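All remarks here apply to the structure that follows.
Nothing in this text is a laboratory measurement; each read-out follows from the coordinates by a stated rule. None of these values were measured; they are calculated from a predicted model. Note: ideal-geometry Cβ built from the backbone for every residue, glycine included; neighbour counts use all protein chains shown.
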Amino acid sequence: MVTAQQTAKPDNTLLPMMIIGTLFFVFGFVTWLNGSLIPFLKLVCDLTESQAMWVTFAFYIAYVVMALPMSWVLNRIGYKNGMVAGLGIMAAGAVLFIPAALSTQYALFLFALFSLGTGLTILQTASNPYIVCIGPRETAAMRISIMGLVNKGAGVIVPLVFTAWILTGMDEFTPAALATLSAEDKAAKIAELSNRLVVPYVYMTLALLALMAFVKFSKLPEPDLEVASAEDATDASATQANSTARTSVLQFPQLVLGVVALFFYVGVEVIAGDTIGLYGQHLAVSNWGALTSYTMVFMVLGYIVGVTCIPKYLSQPKALQGSAVFGILFTLGVMFASNESHQLSSILYGWTAPLFAFFGGSGIPTVPDTVLFLAMLGFANALVWPSVWPLALEGLGKFTATASALLIMGIAGGAILPKLYGFAATASGNAQTAYWLMIPCYGFILYYAFLGYKKSQW
């Protein structure tokens, strides 16, 4: 293992927080671009809903395949160099989008997404325990919530940018419009649409390379994962004794159950964020390319609650309990609300229309109630990730790096559960009722919030 040359201290966290915050913005930008890419590639590559969900599978399965190897890499080269390597791999993945767009080959798109996911794996494996360990454990969820604000802020921005840059003038690319063309003219139109991805991904590549250089030459300190902070020093001996007495990371039930909780959480988060565009396209919602932004706005609101209320007014377990309950309620709303009614969005933000009109704008488009309930799941999901991480890593000591890799592997839920949703929606012919898949996921998160995190022995 690399010896820490400089330890991040709780009273010197500004620089690390700024750098890691920048990385979390990158996470969000790349990750939540998928929500717009799925319906886009469905059109470009002529896919079914089930086939389109291979996008999420290719992206998130990288976390499963690469998490443990990336943990080994981090132990060998250190957290800072690991972040540099992750950004380099992401830049390579962004480059692959260029030949994919020029050829409209779906398999190449998927390989590029897997490469981006691989780079993000090492970045996530390094960044999340870093944020947990640079300060007191009881405020870890608050720090992760700050990172979440940055991450989901990027998630709000990227669908809007994608829509403005890529999805302008889409009337001539609708299935109905393309059906009127000859095979040759249709292929030319599809190629024209696909080629719109080239320039944005050139810019993304350059931005990732610039950020890689910035992190490489920054003064980002290595965290001391054995002693999380000076304030925890009195507990360090007990923590170390606890971890030393065990021979395997799997001997920590709160960690293993935390991995399962994150598996279900990431699955429902990706379903809410990445299928909303498809669902909106299915309902003929005009701004389907920007619907992921709706989900991200609600996630931002959730993270604001985390930043302002944890731990002063809201403990990490209580935040997790509330998230699970809201998740179940909003899922029921998605399943049983009306696809014709826009009443809910009219109540929540319809009042802003006169304000936008005053400044010459058209306001935020209202959406069917089911779509808004799907977006509101962003609020329910916001505090799950920041709450589970510190609860799962409690007392891990020397096992922290490996435990982090296992928690990152929980992101596999983002590969598997959206794919299962796609199968359910395609098989049943009812994209709305297929969202029942999320109910048992939130049920397990609720169990972990009340009992699972307390389990210290098998």
Reachable lysines from K318, criterion Cα separation under 17 angstrom, eight or more residues apart if same chain:
K454, K455
Taking Cα centroids, how far is the stretch 242-309 from the stretch 29-59 in Å?
18
Under a straight-distance cross-link criterion of Cα-Cα below 26 Å, which lysines are reachable from K186, leaving out those fewer than 8 residues away in the same chain?
K42
How long are the three semi-axes of the equivalent ellipsoid for the chain, computed from the Cα gyration tensor as the root of 5 times each eigenvalue, in whole Å, largest first?
37, 25, 20
Just name one of P175, S428, M83: the one whose Cα is farthest towards the positive end of the charge dipole of the chain (beta-carbon charges, Lys/Arg +1, Asp/Glu -1).
M83
Give, in nm to one decimal, the length gained when the segment between N430 and K186 is fully stretched (0.36 nm per residue of separation minus the Cα-Cα distance).
85.0 nm
The helix 183-194 Cα axis meets the longest alpha-carbon principal axis of the chain at an angle in degrees, between 0 and 90 and rounded to 10, of 40
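By how many nm would the segment from L209 to A179 grow when fully extended, if each residue of separation counts as 0.36 nm and the alpha-carbon distance is taken off?
Full-extension gain reported as 6.7 nm.
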List the longest stretch of the chain that has no exposed loop site; here a site is one of the trypsin sites (Lys or Arg not before Pro) assigned by DSSP to anything other than H, G, I, E or B, with at most 10 other Cβ within 10 Å.
1-218
Pulled fully out, how much extra length does the chain show between W72 and S341, if you take 0.36 nm times their separation in residues and subtract their Cα-Cα distance?
91.6 nm
Going fewest to most other Cβ atoms within 10 Å around each Cβ, T433, T400 line up as T433, T400
Under 26 Å Cα to Cα from K80, which lysines show up? Leave out anything in the same chain fewer than 8 places away.
K9, K152, K216, K219, K398
Helix-only estimate, please: 222 nm mean residue ellipticity of the chain, summing -39500 (n - 2.57) across DSSP H runs of length 4 or more and dividing by its residues, to the nearest 500.
-23500 deg cm²/dmol
Between L348 and Q457, what FRET efficiency follows from the Cβ-Cβ distance if R0 is 45 Å, with the result rounded to 0.05?
0.50
Of the candidates M53, Q343, L250, the farthest towards the positive dipole end of the chain (Lys/Arg Cβ +1, Asp/Glu Cβ -1, centred on the Cα centre) is L250
Once you place label points 7 Å from the Cα toward the Cβ at A107 and T22, how far apart are they in nm?
3.9
